[in-house]
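The structure under discussion appears below in the form of structure tokens.
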Amino acid sequence: MMFQWTPDMVRFMKTASEYGIYHRALANLIWPDLTPEARVADVGCGLGYLSLALAPYAGRVTAMDVSAEALRVLEENCRERSVQNLEIFQGDVFRLEPEWQFDCMAFCFFGNIEEILTIARRHCCGKAFLFQRNYRLHRFSTDSCGRERGGYPDSCRRLGELGIPYERQELSLEFGQPFADFGDAKLFFETYNRGDRPVSDRFVRERIVKTGREDFPFYLPCKREIGFLTLNAEDIPKS
């Protein structure tokens, strides 16, 4: 099922992305492999903060997503930051017909491994960088809800079955959520709750901390467990 951004989801992701250095930390794993002329694709870019972090190190970054709501944030950021080498593609990447292949492609919490391999084989002539979830439980629910299969462990298994060489690294990066007030914090959990129990004030208070800041007095600490995979597109079987 395609992920649907709501206005509150966009707002929460925007504040979280601008609060810390999460996307810069992700970009630091990719940019050593880039050249000043590199053509980079950020597939399923969402609000585009990874694309922005990669732009100083590449010749051109193409940020791809189906969501107009998410991409509007990226358009605004490009204008405010005067980013000249970032282009935005709104649409289905599976229908993309570029005139050339990208030198590398980044897939940050995008799709499953079969979809990623299909896209990279078709559109990449260099390296594919995969950031995938390395956890099973839904982190913001009132109950211990399990996620669907997929993610880092299953991708490693599938790459091994296909005989595709890859490098891997396991990361734990802080990507918490700041809140303007307590009501905002409760709304966040209500937005992402997949459990059967409703979100209570006590549930929220037990998870957030005070920051001492005037703009965001509350914060939800959250370590995102990530599996980082690197592979060469030329090693992906044709069928």
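Tabulated data for the structure shown
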read-out: Any hit, the range 144-154, residues being part of a strand (DSSP E or B) and surrounded by 15 or more Cβ atoms within 10 Å (Cβ to Cβ); value: no
read-out: Residue pairs meeting the criteria (Cβ under 7 Å; at least 6 apart or on separate chains; first within 19 Å of GLY46 (Cβ to Cβ), in the range 103-130; second part of a strand (DSSP E or B) and at pLDDT below 95); value: PHE109/ARG133
read-out: Flag for ARG194 being open to solvent by 30 Å² or more (accessible area, probe 1.4 Å), farther than 21 Å from LEU130 by Cβ and modelled with pLDDT under 95; value: yes
read-out: Unique match (being at negative phi, in contact with a helix residue (DSSP H, G or I) (Cβ under 9 Å, 6 or more places away or on another chain), modelled with pLDDT of 95 or more and open to solvent by less than 60 Å² (accessible area, probe 1.4 Å)) among ASN134, ASN85; value: ASN85
read-out: Scan of the range 158-191 for residues that are of a type in the set (A, V, I, L, M) and part of a helix (DSSP H, G or I), ordered by number; value: LEU159, LEU162, ALA185, LEU187
read-out: Residue check for PHE218: in contact (Cβ under 8 Å) with a residue 24 or more places away in the chain and surrounded by 18 or more Cβ atoms within 10 Å (Cβ to Cβ); value: yes
read-out: ALA58 open to solvent by less than 20 Å² (accessible area, probe 1.4 Å), within 30 Å of ARG207 (Cα to Cα) and hydrophobic (A, V, I, L, M, F, W, C); value: no
read-out: Contacts under 8 angstrom Cβ, first residue in the range 49-75 being over 18 Å from ASP8 (Cα atoms), partner open to solvent by less than 10 Å² (accessible area, probe 1.4 Å) and among the aromatic types (Phe, Trp, Tyr), 6 or more apart; value: THR62/PHE102
read-out: Residue that is nearest to HIS123 (Cα to Cα) [pool: residues in the range 66-90 that are in a loop (DSSP other than H, G, I, E, B) and over 17 Å from the mean Cα position of the chain (by Cα)]; value: ASN85
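The values are calculated or read from the model by the stated rules, or taken from the named source; none is laboratory data. In this text, all values refer to a predicted model and were calculated from it rather than measured experimentally. As a convention, Cβ positions derive from the backbone with ideal geometry for all residues, glycine included, and neighbour counts pool all protein chains shown. Each accessible area value is taken on the protein alone, full model and side chains, heavy atoms only, with ligands, DNA and RNA left out. Shrake-Rupley method; radii C 1.70, N 1.55, O 1.52, S 1.80 Å.
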